[in-house]
């Protein structure tokens, strides 16, 4: 194994992650401290102090362990090349700009296709079983965003996610599908044609999961944090109180991103799939924490930052589309911080 391999390279990071006892946080500390794998392998216990647990230290001294991890990394990169997949590390300029700033950013992401060329990315997500209101809101808001040059990020799931990707393609826009499985397969299979059309239109698939990883619940929840992490803000089109969309809502708020939701009117407000939206746009954070039975950091955030106000900015009809766009653009242009409302800007 070449000891001069940069630790920040795809080979370097994948090799580290392939070592027993070296998880993402430990690998992150090691990459920051040592410029090459050779420097790391030659490091003394004192040099490694504070970066590696005592249990992982023996692994860093095992020649065989390094050989196996390096070989596995090479095999993975060779498969990526065969599948036209790029492997990006968090230290490369090509890594998604917004994703780089979240606390638990993946050290490696797998990308097929092309990411947007600007930081104008917004997540559009929602229930797998949208009503007429959810479908109409998704198509209208996504079209408005695309017309102003925003790339649409979603999870390729059935329902709102697929509608968001479809609406972006219909408007001749860019869209990124975040998958909860390895990029050797498309999940769900029903959206395989949509996934191919995303690539054909210049969009992308992205995942933090290696080839062969299945779309199990844990991976799908991890995928949800990437949707919000990739974006300036999240628009949750429609959701019940309980559902996968609430995971993305949680990550959006914990990451300090903006959160928006279209508000159902009239008979649409009485639909079960509207209950989550009404809670996000009408209940205070304290009330929401109680309703969702949240715990830990999320509960503290809701009670502290949203004690007297709802967590989501409401979109009440098309007249609010311009305000939505102005708010998102103000963040990208540095005129306001993400996750904060500024009444001086006339925003919602």
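Values quoted throughout were computed directly from the atomic coordinates according to the rules given, and no laboratory measurement underlies them. Remember, predicted model here, so these are calculated numbers, not experimental data. With ideal geometry, Cβ positions are generated from the backbone for all residues, glycine too; neighbour counts draw on all protein chains shown.
Angle check, please: helix 296-305 long axis (alpha carbons) against the longest principal axis of the chain (alpha carbons), in degrees 0 to 90, nearest 10. Once rounded, the angle reads 40 degrees. Quick note on the stretch 1-82: its Rg to Rh ratio, both from C-alpha atoms and Rh being the Kirkwood radius, is 0.95. In terms of the mean number of neighbouring beta-carbon atoms within 10 Å, the peptides 204-214, 25-35 order highest first as 204-214, 25-35. For the chain, modelled as a GNM whose springs connect Cα atoms under 10 angstrom apart, the maximal fluctuation among 156, 16, 179 occurs at 16. If each DSSP helix of 4+ residues adds -39,500 (n - 2.57) and the sum is divided by the residues in the chain, what number results at 222 nm, nearest 500 deg cm²/dmol? Taken over the chain, the calculation gives -12500 deg cm²/dmol.
Given their separation in residues at 0.36 nm each and the Cα-Cα distance between them, residue 304 and residue 131 gain 58.9 nm when the chain is fully extended.
Look at where the Cα atoms of the stretch 210-275 and of the stretch 9-81 average out, and the two centres are 34 Å apart.
Among 43-56, 125-138, 222-235, the peptide with the highest mean count of other Cβ atoms within 10 Å heads the list, and the full ranking is 222-235, 125-138, 43-56. Computed over all pairs of different Cα atoms, the Kirkwood value for the hydrodynamic radius of the chain is 21.2 Å.
Extension gain, residue 100 to residue 44: 0.36 nm times the residue separation minus the Cα-Cα distance gives 17.1 nm.
In Å, what Kirkwood hydrodynamic radius results for the stretch 253-306 from the alpha-carbon pair distances?
Numbers: mean 1/r = 0.0833 Å⁻¹.
For the stretch 253-306, the Kirkwood estimate is 12.0 Å.
The mean sequence distance of close C-alpha pairs (under 8 Å, at least 6 residues apart), as a share of the length of the chain, puts its relative contact order at 13 percent.
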